[in-house]
Amino acid sequence: MAVKTKKKEYDLRYPISDAPRKTALSRIMAEDDFLPSNSLFFSKIAAETAAALSMSAADEKLLRDNLKELGFSDILTAAFLQTDRGKIGVCIASRVRENRLQLAVVLRGTTGDEWYSNFDVGYTAEHSGFAKAADYAEQKIGDYVFTRAIGMEPEFFITGYSRGGAVANILAKRLCDRYGLEHVCAYTFASPCTTISRRTNSYACIFNLVRQEDFFTRLPLENWGYTRYGKTVSLSDVGDITKLFYQLTGDEYIGFTRQGPVDGFLCAVQKLAPNVNAYYRRRRDVGGQKLSMNELMNAVADMLSRQMDEAAADVFFSAMLSDYADLISFLSSGTDLSEIIGSASAVPRCSVADSHSPAAYMAALGVFLHQ
């Protein structure tokens, strides 16, 4: 007579909007554990768990509560309240199972000055800003493992959303190189591209869940040679997410429902900056001054890091009458440019923001997991 195993249930909560503050609940059901027995195969339960953890990284208390719910303890956070563009908020926790030290590593998304790092592509094999942040996270993990993994093999469950997803992607690759793929299980969400390496497919334990309607996931450009380590799991064309988005947020979805507008934006970027060198060095007239695309994106970082002044605002309005007009028009889709510049929110609502938002990803993931 077969004995039915009682399913384990984990209730994980994550923030879904700031104004007004609202949280959502993910109820994870697992036969034995939320981690897969083989990290090389995509696991819906692991993906659902990773998504809730990565989204909850926007709120340190919620993240800690979620990790405790999953059986982790000895929780360490670093750089969560800082806005150093060379760092990233990293949370590390651990549990012991069958003489193995299992570490959960969660990377927080962008805040403050980290926006400048996001636009610093650099000239090396990995995106410069993300790689520097991965250096910082890797050091914290190394210190944590050194003092705790005595006589035990460490295993890693790594996740992050947006900037956190990009850093998680690079970090997971490095841990694979050091400990082996069988010791790493990584799920990233809304990650930008991270590397020009040609060996990205070798990292089969890294799963990157992206939406083609989200332009952040398609930068730096594929035509510049950029991609991500591991496997890409598309959350596009999974079905209509607008109903679930509304259920989560109480707001109508104003993001992109197809990838055509993003494709057009990427074509405009490619024409203006056909390679990384042009991104940094090819300058065009904007209101009487010469600006490269990188300098223009630093003006975007001024806005997103809430350091917008009159000079930065003038750049945006002048750019509407420059060769960068198509880019500014796309970035302000779904709202008025003056409303974006004058917004008190770090990431004001517009089509670009909604398409990249945690709510859009959780809605798309919900449809994807149940189709």
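The values are calculated or read from the model by the stated rules, or taken from the named source; none is laboratory data. All values reported here derive from a predicted model rather than from experimental measurement. Please note: Cβ atoms are built from the backbone with ideal geometry, for glycine as well, and neighbour counts cover all protein chains shown.
Here are a few things to note about the model shown:
- Just so you know, in the stretch 290-316 the residues that are more than 24 Å from the chain's Cα centre (by Cα) and in contact (Cβ under 8 Å) with a residue 24 or more places away in the chain include one that is nearest to Ala353 (Cα to Cα), and it is Phe316.
- Residues that are closer than 28 Å to Tyr123 by Cα and of a type in the set (Gly, Ala, Ser) within the stretch 236-283 comprise Gly264, Ala268, Ala273, Ala278, listed in sequence order.
- The number of residues in the stretch 64-80 that are touching a strand residue (DSSP E or B) at 6+ places or on another chain (Cβ under 6 Å) and either without any contact (Cβ under 8 Å) to a residue 12 or more places away in the chain or outside any loop (DSSP other than H, G, I, E, B) (or both) comes to 9.
- Tally of residues being at pLDDT 95 or above and over 16 Å from Ala93 (Cα atoms) across the stretch 45-59: 6
- Condition met for Lys61 (among the basic types (Lys, Arg), surrounded by fewer than 15 Cβ atoms within 10 Å (Cβ to Cβ), more than 21 Å from the chain's Cα centre (by Cα) and assigned to a helix (DSSP H, G or I)): no
- Pick from the stretch 238-252, criterion of a type in the set (D, E, K, R) and in a loop (DSSP other than H, G, I, E, B), ranking: surrounded by the fewest Cβ atoms within 10 Å (Cβ to Cβ): Glu252
- Residues located in the stretch 226-265, provided they are closer than 16 Å to Glu213 by Cα and touching a helix residue (DSSP H, G or I) at 6+ places or on another chain (Cβ under 6 Å): Leu235, Val238, Gly239, Ile241, Phe245, Tyr253, Ile254, Gly255, Phe256, Val262, Phe265
- Residue in the stretch 263-275 that is outside the structural domain of Ser162 (by TED's automatic domain parsing), modelled with pLDDT of 95 or more, in contact with a strand residue (DSSP E or B) (Cβ under 9 Å, 6 or more places away or on another chain) and over 25 Å from Cys176 (Cα atoms) present: yes
- Checklist (1) out of contact with any Gly (no Cβ under 6 Å at 6 or more places or on another chain); (2) within 27 Å of Tyr116 (Cα to Cα); (3) modelled with pLDDT under 95 applied to Ile254, failing item: (1)
- Any hit, the stretch 228-237, residues being surrounded by 14 or more Cβ atoms within 10 Å (Cβ to Cβ) and assigned to a helix (DSSP H, G or I): no
- Only listed residue being closer than 25 Å to Asp113 by Cβ, of a type in the set (A, V, I, L, M), modelled with pLDDT of 95 or more and in the same structural domain as Trp115 (by TED's automatic domain parsing), chosen from Leu81, Leu67, Leu62: Leu62
- When residues of the stretch 197-227 are limited to those that are in contact (Cβ under 8 Å) with a residue 60 or more places away in the chain and in a loop (DSSP other than H, G, I, E, B), the one nearest to Ser357 (Cα to Cα): Asp214
- One residue alone among Glu182, Glu222 is among the acidic types (Asp, Glu) and closer than 19 Å to Ile45 by Cβ, and that residue is Glu182.
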